[in-house]
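Structure first, commentary second.
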Amino acid sequence: MAVIKVLDEYTINKIAAGEVVEKPLAVVKELVENAIDAGSSLITVEIKNGGIDFIRITDNGSGISSDEIRRAFERHATSKITAIDDLNTLKSLGFRGEALASIAAVSKVECITKTAESLMGINYTIYGGKEQDLKEVGCPLGTTFVVRDLFYNVPARRKFLKTPVTEGGYITELIEKMAMSHPDIAFKYINNGQLKLQTKGNNNLKDVIYNIYGRDITSNIIEFEVKSDIINVSGYIGRPVISRGIRNYISCFINGRYIKNNILYKAVEEGYDGYKMTHRFPFAVLNIEIDGSLTDVNVHPSKMEVRFSEPDKIFSLICNSIRNTLKETDIIPEIKIPVESSDIKKPEKERLIPDITKKEIPPEPFEINRMKTLEKENKDYYVKDTRTDYQDKNPLPLQETLFDISGMKQEEQKNYRVAGCVFATYWIIEYNNEMYIMDQHAAHEKVLFENFMEKIHLGKVASQIVSPQIIITLSSAEADIVDLYHNAFVNTGFEIEHFGGNEYAVSAVPAEIPGISSEKVMLDLIGMLSEEKNVSKSESAFVEKIASMSCKAAIKGGRHISENEAYFLVNSLFKLDNPFHCPHGRPTMIKMTKHDLEKQFGRIV
């Protein structure tokens, strides 16, 4: 066991001590980290009343010897570093030596501990920083901390705590993160007498994810691994179908420590660009191994923030690796229809027609008004229309020039069959014992996006002259953005130059993007780039955002296209590297297997 010693004054001054104990969460975090550092393979956490009244942490680690138990509760006493240079090679979770002293100062603490070398254990009690009792007891190897009446002697601090349910929720989330960062440790978590989480400690991260998030999410995760000269990353990323409206489903760990870092979050999110909807966040659990000399975890007293010495390299590696992993994976959403066996046994008259609907994915915000308009225009069609007279009722202007189908060969249609269209939007495609349902709007968006990206790559983007010029007034920060991305603007078909003072003149815009030639759209675009610049300055991210605006020219849902045009659209879509999601992240198609259909109709059991 490493010897515990008091740090020298120089090292103490170099470490930003701060206030460690702000809430029950901080107590649990510090004590569980100590248990992990002690080499524990089994850790039990129990709380009552949100951890305000009672916290108990039990581990089977190395324990604390009787002659060092008092020193362990002194400020800046630690066994994990001896000098400031040790922070560069830090491998432990705790290192400041503040935790026990800070916790004991504001609560009633009882510590029961035993080392492998000792015949008897030690029971040490300290209230409000003052020693109450020290005696020998019989106990197993390891350490148990019992913390009662948190902030009993600091009522001003206690009254600012949130409700016990909220404080308990913070602790629950922490234990879940701890379990994912250390799948080799068996965690048991009890809240108000109820078992909330128990992991096996078998070093299987997927098992831990199942215990925390359940079957639906675990069945839709993809194993992820990437290695480089500075960083190794392993874990799981979610298929786009399990994206959420909050960022809490992204969990990142640096050398076993749960951390919050905008560079990592943004790298994951941009890796999903084109696979997820706007304002939706993906699922990811990433364990990152990196040389301690390339990070600084001594940023905040909570030790949950980190700085990197080479952030751009780490950002690019994770972002591109996630993008490539998704590109190589079959991520088409599949419709699963549950069959109620009790329904099959009912008399024929009592059986209900099966409802094979799937939870609808909401449209992008800019589509809502368009959909309302289409609904009004097509109200009579959906009630009265038949296939024979639809084309005359709802013709598409210039529909013969919408797709250039002249070069399409008959043999390109042999591998699949377009079976028809429903609701003037969704095309049914038969292919290899599977039925695909393609959204014509999302599919055309994707084709236009990729075509525009290819033109950008080849330097063949056409510009449309704006007359008269658009004059926009920019702040100094906005002007910096225009200067920073000047080459990217030019490469995507813009002509934008300084006009004097705070004004800039836009004299040309990309011909592929309808409706972009307005002051409001240009200011919105520059504002969007302002939000992104602190995370990534890569031109590729900018180019993709510009290209995604070309989607406004896509054929809308509810508008008729011919069967030949549908074949052409399917062909164009299937030639893409990622044909499964539009640039906004909505699926271009979903699928159902022949087996699922036959099961639904009772042909097979």
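The values are calculated or read from the model by the stated rules, or taken from the named source; none is laboratory data. None of the values given here were measured: they were computed from a predicted structure. Cβ: placed from backbone, ideal geometry, glycine included. Neighbour counts: every protein chain shown.
Out of the residues in the stretch 284-328 that are in a strand (DSSP E or B) and at pLDDT 80 or above, state the one that is surrounded by the fewest Cβ atoms within 10 Å (Cβ to Cβ).
Ranking the candidates gives E289 first.
Looking across the stretch 213-268, the residues that are among the β-branched types (V, I, T) and closer than 19 Å to E289 by Cβ come down to V226, I230, I231, V233, I237, I250, I254, I259, I263, V268. Within the stretch 230-242, is there a residue that is crowded, with 16+ Cβ neighbours inside 10 Å, in contact with a Leu (Cβ under 7 Å, 6 or more places away or on another chain) and touching a residue at least 60 places away in the same chain (Cβ under 8 Å)? Checked against the condition, which is being crowded, with 16+ Cβ neighbours inside 10 Å, in contact with a Leu (Cβ under 7 Å, 6 or more places away or on another chain) and touching a residue at least 60 places away in the same chain (Cβ under 8 Å), the stretch 230-242 yields at least one hit.
Could you tell me whether the stretch 220-228 includes any residue that is under 17 Å from the mean Cα position of the chain (by Cα) and among the polar types (S, T, N, Q)? Yes, because at least one residue in the stretch 220-228 is under 17 Å from the mean Cα position of the chain (by Cα) and among the polar types (S, T, N, Q). Checking each residue in the stretch 464-478 for being small (G, A, S) and modelled with pLDDT under 85 picks out S475, S476, A477.
Identification of strands (runs of 3 or more DSSP E) wholly contained in the stretch 113-216 with 1 or more residues that are closer than 18 Å to V32 by Cα and in contact (Cβ under 8 Å) with a residue 24 or more places away in the chain yields 142-148, 186-191, 194-198.
For E512, are the conditions met, namely being part of a loop (DSSP other than H, G, I, E, B), over 30 Å from the mean Cα position of the chain (by Cα) and at pLDDT 75 or above? Criteria met by E512.
Listed here are the residues, each with its yes/no results for (1) charged (D, E, K, R); (2) closer than 28 Å to R71 by Cα.
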| residue | (1), (2) |
| --- | --- |
| S102 | no, yes |
| Y124 | no, yes |
| K130 | yes, yes |
| V137 | no, yes |
| Y152 | no, yes |
| K162 | yes, no |
| K177 | yes, no |
| N191 | no, no |
| K196 | yes, no |
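What helices (runs of 4 or more DSSP H), lying completely within the stretch 518-602, carry at least 1 residues that are at pLDDT below 75? Step through it out loud before you land on a result.
Values: elements: 519-532, 539-548, 563-574, 594-600.
In the stretch 518-602, 519-532, 539-548 are the helices (runs of 4 or more DSSP H) which contain 1 or more residues that are at pLDDT below 75.
Each row is one residue, and each column tells you yes or no for (1) over 17 Å from I43 (Cα atoms); (2) assigned by TED's automatic domain parsing to the domain that holds A38; (3) of a type in the set (S, T, Y).
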| site | (1), (2), (3) |
| --- | --- |
| P164 | yes, yes, no |
| L174 | no, yes, no |
| A179 | no, yes, no |
| D184 | no, yes, no |
| K188 | no, yes, no |
| V233 | yes, no, no |
